[in-house]
1. Tally up the residues in region 201-244 that are touching a residue at least 40 places away in the same chain (Cβ under 8 Å) and under 22 Å from residue 179 (Cβ atoms), please.
2. Would you pick out the residues in region 110-124 that are of a type outside the set (S, T, N, Q) and either surrounded by fewer than 23 Cβ atoms within 10 Å (Cβ to Cβ) or free of Cβ contacts under 8 Å to residues at least 12 places away in the same chain (or both)?
3. Tell me which of these residue 107 doesn't satisfy, since it passes every other one: (1) without any contact (Cβ under 8 Å) to a residue 24 or more places away in the chain; (2) open to solvent by 50 Å² or more (accessible area, probe 1.4 Å); (3) not in a strand (DSSP E or B); (4) not hydrophobic (A, V, I, L, M, F, W, C).
4. Identify, please: which residue in region 173-196 is touching a Lys or Arg at 6+ places or on another chain (Cβ under 9 Å) and not aromatic (Phe, Trp, Tyr) and is, among those, most open to solvent (accessible area, probe 1.4 Å)?
5. Looking at region 152-166, which of the residues that are touching a helix residue (DSSP H, G or I) at 6+ places or on another chain (Cβ under 9 Å) and open to solvent by 40 Å² or more (accessible area, probe 1.4 Å) is farthest from residue 186 (Cα to Cα)?
6. Among the strands (runs of 3 or more DSSP E) contained in region 1-92, which hold 1 or more residues that are open to solvent by 20 Å² or more (accessible area, probe 1.4 Å) and among the polar types (S, T, N, Q)?
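The values are calculated or read from the model by the stated rules, or taken from the named source; none is laboratory data. Keep in mind the model is a prediction, meaning the values are calculated, not measured. No Cβ is skipped: glycine too gets one built from the backbone with ideal geometry, and neighbour counts run over all protein chains shown. Please note that ligands, DNA and RNA were not included when accessible areas were found on the heavy atoms of the full protein model with its side chains. Shrake-Rupley method; radii C 1.70, N 1.55, O 1.52, S 1.80 Å.
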Amino acid sequence: MTTTALGTWRQPPLVYVVAELVISPYYSLAGKVPGLQDRLRSSFPRTLEAKEIAIVEGAKPSAQTLWQLMSGDQRHAVQFGIRAISLHATGYLHSSDFLGRWAEVLNIVQQADLGAYVERAGLRYVDLIVPTDGNAPGDYLVSGLQGIVPEGAQCTGSMWAAAFQFDGSIVNLRAGAPSPQGMLLPPDFNALPLAKPAVMMHAEARLKANQSIGFVDTDCIREVGQVFEADALLTHYKSMQKLTSATFKAAMSPLAQKEWM
């Protein structure tokens, strides 16, 4: 299953968005899941279960259950785990639509009265660079992110990373242009089995043909440190979205602006 482009730009490179709340371990979450599932069923009728390996200092690694509630078109999913609650999307009309869906999830979690303690909030956007004929992935990034190519060499992988401190938030920006050989999504990115956007399909086809692609991974993190409160959390996310957007735009070259926007 594929989806159309994500966002309102003319040729948006966006392929995946995640909003995540890291919570203090909630070991009785399994008892709350049926109620959450019932409240979210109209928007997320399909349920999958998965496992993650939890590594805690002084204890043996253990497998913990993840509950993944999927939308009927497989473009959105809510994931519940004892350490995090998240909304994943490969369908994205615009930021207000995504944040509206996240607000729905936050309000339902509020109604379930979990009383979870939120450690921090995260908002992550993954964009893929699929160059047009005659261009290289690095051409879509500002010159300061393009790295070097020694005389007589061909660049087969380039990674750049930086962290930017804003008032109350940190935005981590990572760019691979070109991505290391065979790499579609950024390292340590755990995607759910959602419908693939057209840009992702094109990127996969290029990799199979041994052609280069790139990625831009923009990840905003904000420390929260309070008991779950939906309205306050949504206010954080509105601010984080603006910071994430501004950081991504700062990395775009004139070519990227011309082709994507």
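1. Residues that pass the stated criteria total 14.
2. Within region 110-124, 112, 113, 114, 115, 116, 117, 118, 119, 120, 121, 122, 124 meet the criteria.
3. All conditions pass for residue 107, except number (1).
4. By that ranking, first place goes to 187.
5. My answer is 166.
6. 46-54, 62-70, 76-80
Residues checked against (1) assigned to a helix (DSSP H, G or I); (2) of a type outside the set (Gly, Ala, Ser); (3) more than 17 Å from the chain's Cα centre (by Cα):
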| residue | (1), (2), (3) |
| --- | --- |
| 119 | no, yes, yes |
| 156 | no, yes, yes |
| 179 | no, no, yes |
| 191 | no, no, no |
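Residue by residue, here is whether (1) more than 21 Å from the chain's Cα centre (by Cα); (2) at pLDDT below 95; (3) over 25 Å from residue 157 (Cβ atoms); (4) small (Gly, Ala, Ser) holds:
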{"residue": "209", "(1), (2), (3), (4)": "yes, no, no, yes"}
{"residue": "213", "(1), (2), (3), (4)": "no, no, no, no"}
{"residue": "218", "(1), (2), (3), (4)": "no, no, no, no"}
{"residue": "228", "(1), (2), (3), (4)": "yes, no, yes, no"}
{"residue": "231", "(1), (2), (3), (4)": "yes, no, yes, no"}
{"residue": "234", "(1), (2), (3), (4)": "no, no, yes, no"}
{"residue": "253", "(1), (2), (3), (4)": "yes, no, no, yes"}
{"residue": "258", "(1), (2), (3), (4)": "yes, no, yes, no"}
